[in-house]
Every structure is written in structure tokens, then in C-alpha cells.
Number of protein chains: 6
Amino acid sequence: MRIDGRKNDQTRNIKFTPSFLNFPTGSAMVEFGRTRVLCSAVVTEEVPPWMRAQKKPGGWLTAEYQMIPGSTSERSKRETTKISGRTQEIQRLVGRSLRSALNLEKIGQRTIYIDCEVLDADGGTRCASVCGGMLALRLAVEKMLADGTIAENPISSYVAALSLGIVEGEVMLDLCYQEDSNADVDMNVIMNEKGNFIELQATAEKRSFNDGELAQMLSLARTSVANVIQTIKTVKA
Amino acid sequence: MRIDGRKNDQTRNIKFTPSFLNFPTGSAMVEFGRTRVLCSAVVTEEVPPWMRAQKKPGGWLTAEYQMIPGSTSERSKRETTKISGRTQEIQRLVGRSLRSALNLEKIGQRTIYIDCEVLDADGGTRCASVCGGMLALRLAVEKMLADGTIAENPISSYVAALSLGIVEGEVMLDLCYQEDSNADVDMNVIMNEKGNFIELQATAEKRSFNDGELAQMLSLARTSVANVIQTIKTVKA
Amino acid sequence: MRIDGRKNDQTRNIKFTPSFLNFPTGSAMVEFGRTRVLCSAVVTEEVPPWMRAQKKPGGWLTAEYQMIPGSTSERSKRETTKISGRTQEIQRLVGRSLRSALNLEKIGQRTIYIDCEVLDADGGTRCASVCGGMLALRLAVEKMLADGTIAENPISSYVAALSLGIVEGEVMLDLCYQEDSNADVDMNVIMNEKGNFIELQATAEKRSFNDGELAQMLSLARTSVANVIQTIKTVKA
Amino acid sequence: MRIDGRKNDQTRNIKFTPSFLNFPTGSAMVEFGRTRVLCSAVVTEEVPPWMRAQKKPGGWLTAEYQMIPGSTSERSKRETTKISGRTQEIQRLVGRSLRSALNLEKIGQRTIYIDCEVLDADGGTRCASVCGGMLALRLAVEKMLADGTIAENPISSYVAALSLGIVEGEVMLDLCYQEDSNADVDMNVIMNEKGNFIELQATAEKRSFNDGELAQMLSLARTSVANVIQTIKTVKA
Amino acid sequence: MRIDGRKNDQTRNIKFTPSFLNFPTGSAMVEFGRTRVLCSAVVTEEVPPWMRAQKKPGGWLTAEYQMIPGSTSERSKRETTKISGRTQEIQRLVGRSLRSALNLEKIGQRTIYIDCEVLDADGGTRCASVCGGMLALRLAVEKMLADGTIAENPISSYVAALSLGIVEGEVMLDLCYQEDSNADVDMNVIMNEKGNFIELQATAEKRSFNDGELAQMLSLARTSVANVIQTIKTVKA
Amino acid sequence: MRIDGRKNDQTRNIKFTPSFLNFPTGSAMVEFGRTRVLCSAVVTEEVPPWMRAQKKPGGWLTAEYQMIPGSTSERSKRETTKISGRTQEIQRLVGRSLRSALNLEKIGQRTIYIDCEVLDADGGTRCASVCGGMLALRLAVEKMLADGTIAENPISSYVAALSLGIVEGEVMLDLCYQEDSNADVDMNVIMNEKGNFIELQATAEKRSFNDGELAQMLSLARTSVANVIQTIKTVKA
């Protein structure tokens, strides 16, 4: 049994609070157990310079991620002079994943910024950011549809993410921080609502892993990701 | 009458939520109307290099402040390569104010970090940061006393802050963003529980002001600051 | 009596040398006792990007401030990779104060740069910068009027600044460095020629202060600021 | 058939030139078709500050990666003020992969720097960097064993990497730049000599992918990675 | 006799490998004994902002220089956050020298980037960079002439560079690293094919030098530079 | 005749004002015609980290150089985020030159900072910086000798610098800005009091130069540098 009493194939309690913030086009607080990430989707009426230069039609989505200094038991240094490699990896991952959910041509010459602020970091913050960002994006899209900014829903397929790992020889879903810092293998799976893969990242932290273990992790992820997507699609705005 | 129906000498609804975060020594969410700032107080077991070099006894308190990108109606650019002059001014002000509340010798060779994350910015965020930071500091001190880290309460005098201004010829308390961006004169008053001044900052934004107007602003601030201090001291942990 | 023999309500010897530099539109060296600041006003034929974007009429004034490394008894590190919080605060203050002296619409689509180089720092450098910058600005305006660049004098009201403090229980005017580093309370008062306030900044360095002390400081500032303004207006170019 | 006449399960011509450089402990030029990466392994007699602080036994390996400006048909801007997110991701990946090949305790209190300079970039540079870095590491280890710096071989398991993708519906091995920029799905597989996974990274570039396609990619990678490992282990120093 | 058996007026073995890289317009590897520098000349269809602003006709040439970390016996730190003074001096020197070889009006509104990557650093890298850059430039010009990008050869006079020094009282040509780090005087001479000077830099490292020594160094440089220019002009593309 | 009526072999009016600043160990204002540079020499009781690491005996001298924004007719941008290549070259040159004047072992484990602030820039600022820095250094040394900080004079040989050029076919001494911006060839000569060379820098700006022209420039420099050295040595403190 796991440190918090869960079974290996069980996620923590996952909760979404839509429209947590006053000003962004869309926003959501997402909780995976004690992990809390505050996500916003802000729509701006311009595209990045490289798109303008290429005269590419449609728009863009980009993501930023940050842990607030008080989100960890030891204070995290604020990234005010340069962004760490870890942060960059995460915001690139969140951006790629959410772009895959959109038909970018349908949002017009706009940029959607997904901002993810980690308020409490107890493991799985990058997956929570994808999920919270997806809900903020849904709400921003609904607002844009409601006020006539766009005519057609640009979301082609919802996505969600879950972390997994091998801890003391056992494949487990949705690791909390203590499990994660102890894991032999660490994996993030991002899938869409058709049950296909958007992104797989698996890393041997302490030992390598084989085909059988990979298959077991992928199978564990599949059902739970589908459930999270269902929640994101249906939670009341 | 003001745009939100308040009288000139009335603050917005002020609300404190203690211990909003899971990990810091102390934390608090503070709301001034729609303005929301999440404050934490994290205690670390080391002092800044310049104190070590001077072999100064006691500890230090420092503050950081940031607006999350989604806190404003137009997205605020994240400060990841350098901190703006405005941000630096605010974090220096918050730090000075809260250091004045402490007997730094009584906290031992430690640094207390006050981190202020502005979640919603509707005016008055620097004053809200001082108030929320004061509560987070109180809670951190209580925890340190409870677990024996320190033996004696280092808080010598609670402080709180309120903004004021002259808007269309009238002196008003606790400006919201729309009032603030329209103000002729802008002022921040920070006082302690003895009713003395810790910091005064008054700026002629559109026109200069005279002794009478200054006196009126100071008098308006006095009562309300005392009320906020009372709340910070007594809100249930 | 004070360390240099002055009375509490006495400034140091204040001296202005107009047109100290060869190239800027206007320039002045200002001395407050041993403190010396070299100020220039350079007029450029363009406005900041944000003004262009907003198609705002008129121009802008901005200020920069720097202490040369040899201006202090211990060498000051040159700020070549980032500007300290203190420097930013000062240059923002100088800029705000001098903008308040100008009708910005009357300078046309131009930017006036006020540059303040502290050659010797013996306290009061930010106030000296405001005063020296005001004279450099006056000289630049006179040159622009003389050569027909502008048709009408844009200076609406001269400004000047003085520092004050409470040192060992006594309110004193125009602190030198040794007094300043010992002060309980530190204040900067910037007023215009109408005798109104442009900016007040008072900080409790070692102890808080009360209404009476504030009143005493403001009264002390009033007469001397008026004298300095008179000098700035009348010193021979 | 592919643009360069290869079959889908065929790599480009892979060639290693050991000891290309004069000064590093170990070095190698690696070529995957027209892609060329120059790798070095430099051993230094110190560990990173965080290891010293934790008094962790053993050593560390870290990697840096850079494309020279002339490595691409349009000149690549040199990264002299900050490292891009892409570069950071790659050097973190190379570092993790090669650390997994080592028993870090056996290298003593040392840091091994793997530096990868991309001279010609025609796709697959991160995988080539892992492979070239592995050979440079082998040669550095052999030198350290020969001169008695270390007593025991610290390489626990050789690793190698290959890129794969789905291009126009077909799973292909070792994409060149033109194939890569056209791929629906992009994957990097890093395995060790036991045939286990060290790192998997699969990204949906233009469309999502399913279990069957994943299985096909993994199977294609397996044989070729084993061949490359064999070459790295046996190429004459 | 010198440490590698050369006579004082003898250069090391100098070798050029044209077109070492796959993608740039022109490229060359140059070797001065164990020193190896990889140079490329990339032509881009735009001029620097300051030229555009001045509407200056013709084009520009600029140079960058970098030592790879593995080019020295102790690893050289990669310059990823700022460029050192030494690097800046060298790239400015290479740029100035090669611009002097060109009639910039004849290259049209283009910028030619000369990139110099030092692979092995055994002294004389800045002179090798000028020579290798000159060959890369020649090859780029020949390509531009061949494909009709330009109509007329813009090279007005070939240039080459050699280092010299006074070591233990003797004037020597083309110092290797060990000689260089021991030199009393260090000199770089850049001349054109007419036998005139383009740039002289002589520095007293350990002692000053007199007219006679200067004359001796200049005379030694003259013949060898002419030989190197001849090679650069005639080496088979 | 030259634009300011001088003969080709004549310098501008050169003037030194010793001890211009209140706080540094030594300081001097130097004027070459309209060019004015304020130099200080500050002695600190520590050596650079690399000297400490090498346990090298003696001390160090380093130089910094800056043009104030108002020193030129168009405002010079202040270098607050990075130092330009030109500035770095100049401060390296000033540092090398003045180090050559000192026996560094005789100053003890100290660092002397030479700071050069260009107040008015009318050509020749780097040479003026060397000369003004030499006087500031002399004064700092005299102070250290007087107060017993050091026992023996560490100045082994005074140095001074002059600029020269070829303008419209004529070799000229000490170019002013207008001459300099028009020069075919630009040269800086730094010599010591023995009449030997410390540093030569000659650059073909618009055309190359030959042996005869070089000889003419060197001869012109010799007498004037000797005169300037004499002034620096004898000007009354």
C-alpha cells in the first residue's frame, strides 16, 4: 500500500475550480491531492513575430510555468534573472500539449497565453498544469464563442496528462512528491480524448526499464486520463 | 459617491484567509475587494552574506513581490530576466515595513522571506501585501514559538498599510484600480499599532497638493489602519 | 550643534555651476556641501515606444542616476549588468518630479533625458539630483526657445527637493552622510514654486514618528525649498 | 522509398572518429550521414557545489550542447546571452543518459564534462550527441584507467540513442532534417546494452499516435541501437 | 632552438582544408601546427539595423569567435551568458581585418558572417581566425559569383595575419602556446597583399620594447604573411 | 592647417587638475582640449579571486572606463546591462598600461581600481584615460607612502599615451573627434619614461599604411609622450 493509502492504480483526489481569477479570459484552479496549480488562459490580439514574418494564417498558443517560492517545504528561489532548464522543459511541454488540442487556424490572428502558477507542489505539477491549462483554455474558448470573437469551436480534441512511475518495483499512478523522489522510473503520459498519445516521456531515474514495465504503465494511464478528460469537458463553468 | 458605491472614508471589504498554503511556515490570502494577494513567510536558517560579513547578531527579513500574468485585464509580462523598477520599489517597501515590526535580534541567525503573489490586481496591491505579509509573519512567529525555534515573541509592533488619493478633488480611502488610474494624488500610509508612522509616500500624479489635503489624507488613514491592525492581530489562525 | 557646526534648520552651502559640460543641451554641476552631482539635460527627437503606440501628443522626460565608483570612501561597484533597487527608486523619483515641472505637451514629440552623475556622495544625492536636474532642464529649455525648437516655455512650475531627518531626537535639515547614516527617520520633500507638495517620502529607519514630528519636518522644509527654487530660477546661465 | 534511397528500417551511414581533438581526456567525432557532432569528455578534479554541500560520495557527469552558427543552411544565432529551451532540453537529456551509463561512485570526487558541438546539423543531432558522448566517455575512462586516476571501470552499461518518426504514415528510423521537419510524430529512444530503456520521448507533431504505432517504433529502434552500442564499444581507440 | 625545433623566423606547419562544412556559403579548416580553427562565411540577405537607419549603400561583414570547451587542456567555460573582453577584442579584430579586404559596396545589401570556432588552441588562434576567415570569405565570394548573386568580385586585397613575440630576448615568429605564455612582448601583424599594414597590435607583457626590436618583428612578419596570402589565394577550392 | 589651427605635430592644450574628487585615494581631472576625463585611483585591501587561488604574492591593478551619457553631442546610452566591446577594449588597455608602470609586488595584497569617467568626449579619450589614470595612481601611491601603507614606491616607470592618425594624407598628432572620424589610419602609442613602447595599436580605418608612414607616426609620438610624462610626474599635488 502507498504512503497515503491509495492503491497503485488510483489517482489522488482531483478537483477543478473554474474561473478562480477575476481578469483572465479563462482560468481554473486544479488540485491533485495537495498539489495545487492556478492556471489562466489570456487571449491577446497579436501573433508572435516569427508568425507575422512568415505570414502564417491562424494563431498561436504558448505556456509559462512557475512555482511560487512558498510552494515547497524549502523555499524555491524565484526565477527573476533566468529560467531554469526544468522550467523551460515544462512550459514547452504544456505549450505543445495544448496546441495539439487546438485547430490554431480557427482562433484567428491571436495568441493564447496559458500561465500556470504552482501554489503547492506535492508532485505531478507538470501534469496538473496540462489539465488545469486545458480547462482554462476551454473556458476562454467558451467566452470567445459567447462574445462572438470567434465563430467556431477551435478545440479539436481535449487532452489530459498523468504521471506514473516505478517505485520499489511497483508501477504506480500519479506519484506524490515523496514517491516521486524515490522512483526508479518516472513517466508522463499525455493523451487526447480519442485515446491516442500526444506525448510520452519516460526516464530511467535509478534503473532502466523493459517492454513489460512500459506496457503496464501505459495501460494504467489510459483509463485515468480518459476520466480526467471527461471531468475537464463537463465541469460546470 | 464612488464607482462601487462606497463613501470616501470607507475601505473595500477586507478579508484574511490564514494558512492558505500547505508548506510555508506561515501564509495568508488577503483580499481588498477584488484585489487578492497570497502571502507567505518562510523561515530559513541563514542570514544574508553582508550580515555574516559584519558578524551582525540577530536575523533579517526580506520581501519579494510579483504580479502573476493573469492578475490584470491585459496580461502582465512575467519578470523572468529582470525585475522592473516598480516591483523593486514595492518589495523594498514591504521589506522595510515588516522589518520595522520585528525585533530582528530576537529571531536568531535566520532570514524570514515574505513572498507576495498578486493573484488579482484591482488597486492597492502594495498595501495589501504589507497587510497580508504581516499576518503571514504573525503565523510564522506563532509556529516558531510553538515548536521552540524561538523563545520570545519578536514582534514589537504590528503594522498595516492603506492607500489613499485625491480623485476629482475629493480625498478617498483605499482606491480601486479605476479610481487610482484617475487620481490627482496618490498616497500610501503605513502605521504601527501605536498610531505612529512607519512610512509615508505621497506623489503628485496630476497636480500638486497642499498642507490641508495632506492633513485630511493622514486623518482618514489613521482610523482604518488601526482597524486593519486589529484584524491581523486577532484573526483566528 | 551639528557635526559641521550648522544649526538644525540650516542647509549646507548650496552652489550651482551652469553649463558645466560641452555637449548637452543643458547641464549643471550642483553642490550641497561636499556632495557634488553633475546633471545634464539632453533633448532627443523621438518619444518612447509606449507613447508612439498610444499616439499620445507631446513628449516625455526620463531620468537616470548613477554614482561613479570614486564617489564614496569605499569604492562603489559600477552598475554594468543590472541597476540596483536603490538606483531605480531614485531615477524614478527624479523623473516624476521633473515631469511635474513641465507641460509635456509643449515640448513636442521629444524626449528629454536628465542624467545625474554623482561625483562626490556625502548625503542628499537624490535631492541634489532633482535640483541640478531642474537647472539643467531650465537651461535646455532656454536653448530650445532661443533656437526656435519650441515656441513657448513648457516649464509650468519649478521644483526643488531637500532631505530632512530626525537625528538623536532632533529634526534636522539637509543631512550629510554621517548624519544620515545615524538618523532615526529619513525624509525627502519635493515642492514646487507655489509651495505645494510634489512628493513626500518619509521612512522610519530606527523608530516610528508622530504627527508632531512630521509637521516640524514639513515646516522646516518649506522655507529652504523656496530659497533653492529661487536660486535655480535666477542663477546666471 | 526515402529521399536518400534508404529503407524505413535503415539508419544513415554511422561513423565514429576517436580522439579527434588534441587536448580533452577523451573525444570523438560522430557522423550520422551528413550530421556531424564533435564530442569531448573532460575530467576535472572537483564536484558541483550542491554535491559538496550534501557531502555526497562519488562524482558527477554533466553535458553541454551547441550548434555552431555555420551548422545549418540558415545561420544559427550563437547563444551568448542565454541558452534556448531546446538547447537546455538536449543537454539535460544527454547528461541524464550518460550518467545512467556510469557508476558515479567509481569516478571519485570528479566531474566529467561532455561537450557536444554540432558542426553539421542534418537531423538527429541529440541522438548523435548521446552516441558521440558515449564514445568520448569510453575513451576518457580508458585514459583514466591507464594512468591510474581510477582503479576500476565505472561504465556499468553502454548506452546509445536513435531517432524515429512517422512520416507520411510510415514509421522510419533515423530521420534526416527534411524527413524530420515533415514528420507527424517524432521519437527519441535511448537504450542500454541490456536492451532496456533509459529514456523515451515521443511527441505528436502533427497528429496523435496509437499503441500499434508506438510498438512498431520501439521494435525498429531495438536492433539498431544494439548495433550502435556494439560499434561504440569496439571502435579502435 | 625553439621547443618544437623551429628556427626563430619559421612558422609552424600551416594547412588549409577548404569547404570543411556542409551548409555555409564558404568554409575552411585552418591549422597552424596543433592549433585548429574552423571558419565559415555565411551570407544573409539583410544589413544591420544601423546601416538600414543610415540608408548606407552596400553591405557589411561581421565576425564571431569562440573557443570550444574542449579546445584547451583545462576545459574553457562556454560563454553562454556574456562574452569576455578577450573574445570581444578578437572578434572585433577579425571583423575589421576582413572588412578591409572587401569593397563593401560590391556585396550589395547583405551581411557576411564570419564564424570562427577554435577546436584546438595551441597559440595564435586570432591570427589563424583571420587567415581561415579570409579563405572562407574567398570561397563564399566565388560561390556568389558562380550563382550570379553578385556580378563583380568584391575582394579588393587579400589579408593574412601572423603573431610574433620576444621570448627570452629573441624575436620569434608564430608562437605556440608555451612560447606565448612565456613571452616578454606579444605582437599581431595583419597585412594585405600589397605588403601594407592593416592592423598592428604590440603589447609589453613582461617588459617594454624599443624601436630596433619593433623593426625586427615587422621585418620577420613581412615575408611570411605574403606566403600565407599566396596560399589562401591559390589553395584548390 | 588643422581645423583648430594646430600644426600636425602639436597636441591640444593638455591640463591636469589633481585631487578633483573628495573620497578616492588619488584622483585627477585631465583635459586634452575639449576632451575631459575624470580619473580616480581607489585602493582596496583585497586581491582578485584568481590571485588568491594561485597564492600569488603582491597585488593587482584593474581599470574601468565609461562615457557619461551627456559626454557626446548625441546622448550615449548608459551601459547598465552589458559593457560594449569598445568599452571592454579600452578598459583592458588602460589596465595593462598602468600595470606596466607598477611593480605589483610592492603594493602588497591590494587591488588598485582606476576608474575613468569621460565627461566630455572630443576624441582621444582612451589616451587621456591612461594619462589621467597615471596621475591618479601617482597621487594614490604618494598617499600610501605618506600614511605608511606601503614602504617603498612601487612605480617603476611612468607611462603616457597619445593618439595619432593619418588624415587626408597627413600624419597628425592627438586627433580631435572631427579629425578622428575622418582618419584613414588611427593609432595609439603608449610609452614609458625610458622611451620604450608599452603598447602600439594601429588600425587601417579607410586605407592601409606602409613602413614609412608608421615610422613617421612613431617619431611624432615620441617627443610629445615624453613631455606628458614629465607633466604627470611634476604637476603639484
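The values are calculated or read from the model by the stated rules, or taken from the named source; none is laboratory data. Not measured: the values here are computed from a predicted model. Heads up, the Cβs are rebuilt from the backbone with ideal geometry, glycines too, and the neighbour counts pull from every protein chain shown. Keep in mind that these areas ignore ligands, DNA and RNA; they rest on the heavy atoms of the full protein, side chains included. Shrake-Rupley method; radii C 1.70, N 1.55, O 1.52, S 1.80 Å.
The table below lists the values:
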read-out	value
Options E:N153, E:N188: the member that is on the phi < 0 side of the Ramachandran plot and either more than 14 Å from chain F (Cβ to nearest Cβ) or among the basic types (K, R) (or both)	E:N153
Tally of residues being touching a strand residue (DSSP E or B) at 6+ places or on another chain (Cβ under 8 Å), open to solvent by 10 Å² or more (accessible area, probe 1.4 Å) and not in a helix (DSSP H, G or I) across region B:104-122	4
From E:E79, E:E46, residue being within 14 Å of chain D (Cβ to nearest Cβ), free of Cβ contacts under 8 Å to residues at least 24 places away in the same chain, in contact with a strand residue (DSSP E or B) (Cβ under 8 Å, 6 or more places away or on another chain) and open to solvent by 20 Å² or more (accessible area, probe 1.4 Å)	E:E79
Qualifying residue in region E:23-39 (condition: farther than 28 Å from D:C176 by Cβ and either at pLDDT below 95 or outside any strand (DSSP E or B) (or both))	yes
Criterion: under 14 Å from the mean Cα position of the chain (by Cα) and of a type in the set (S, T, Y) - qualifying residue of F:T81, F:T125	F:T125
Failed criterion for B:G70 (all others in (1) surrounded by fewer than 22 Cβ atoms within 10 Å (Cβ to Cβ); (2) of a type in the set (G, A, S); (3) more than 18 Å from the chain's Cα centre (by Cα) hold)	(1)
Failed item, numbered, when B:Y65 is tested on (1) open to solvent by 40 Å² or more (accessible area, probe 1.4 Å); (2) closer than 23 Å to C:K82 by Cα; (3) in contact (Cβ under 8 Å) with a residue 60 or more places away in the chain	(1)
The lone exception for C:E152 - which of (1) within 20 Å of C:V47 (Cα to Cα); (2) in contact (Cβ under 8 Å) with a residue 60 or more places away in the chain it fails	(2)
Region A:173-227: number of residues that are under 14 Å from A:A161 (Cβ atoms), polar (S, T, N, Q) and touching a Leu at 6+ places or on another chain (Cβ under 9 Å)	3
Tally, over region B:49-61, of residues that are in a strand (DSSP E or B) and open to solvent by 40 Å² or more (accessible area, probe 1.4 Å)	1
Residue, nearest to the other protein chains (Cβ to nearest Cβ), within region E:1-22, restricted to residues that are within 30 Å of D:F32 (Cβ to Cβ) and out of contact with any Asp or Glu (no Cβ under 7 Å at 6 or more places or on another chain)	E:F20
Condition check for F:T25: facing another protein chain (nearest Cβ under 10 Å), under 30 Å from F:L145 (Cβ atoms), among the hydroxyl-bearing types (S, T, Y) and surrounded by 23 or more Cβ atoms within 10 Å (Cβ to Cβ)	yes
Number of the condition not met by B:F32 [criteria: (1) open to solvent by less than 20 Å² (accessible area, probe 1.4 Å); (2) of a type outside the set (V, I, T); (3) more than 24 Å from B:M187 (Cβ to Cβ)]	(3)
Scope region D:191-225; condition facing chain A (nearest Cβ under 8 Å), under 20 Å from D:S156 (Cβ atoms) and in contact (Cβ under 8 Å) with a residue 60 or more places away in the chain; matching residues	D:N192, D:I198, D:E199
Residue match in region D:126-135 (condition: open to solvent by 20 Å² or more (accessible area, probe 1.4 Å), touching an Asp or Glu at 6+ places or on another chain (Cβ under 8 Å) and not in a strand (DSSP E or B))	no
Subset of region F:147-172 [part of a strand (DSSP E or B) and open to solvent by 50 Å² or more (accessible area, probe 1.4 Å)]	F:E170
Any chance F:M144 is at pLDDT 95 or above and open to solvent by 10 Å² or more (accessible area, probe 1.4 Å)	no
Members of region B:1-43 found to be without any contact (Cβ under 8 Å) to a residue 60 or more places away in the chain and of a type in the set (G, A, S), listed by number	B:G5
Residue match in region A:164-173 (condition: within 9 Å of chain D (Cβ to nearest Cβ), without any contact (Cβ under 8 Å) to a residue 24 or more places away in the chain and either on the phi > 0 side of the Ramachandran plot or under 15 Å from the mean Cα position of the chain (by Cα) (or both))	no
Any hit, region C:173-190, residues being of a type in the set (S, T, N, Q), farther than 17 Å from C:M1 by Cβ and buried (at least 18 other Cβ atoms within 10 Å of the Cβ)	yes
Residue ID - surrounded by the most Cβ atoms within 10 Å (Cβ to Cβ), chosen from residues in region F:85-102 that are facing chain E (nearest Cβ under 8 Å) and of a type in the set (G, A, S)	F:S100
Of all residues making up region C:201-237, the number that are outside any helix (DSSP H, G or I) and open to solvent by 60 Å² or more (accessible area, probe 1.4 Å)	6
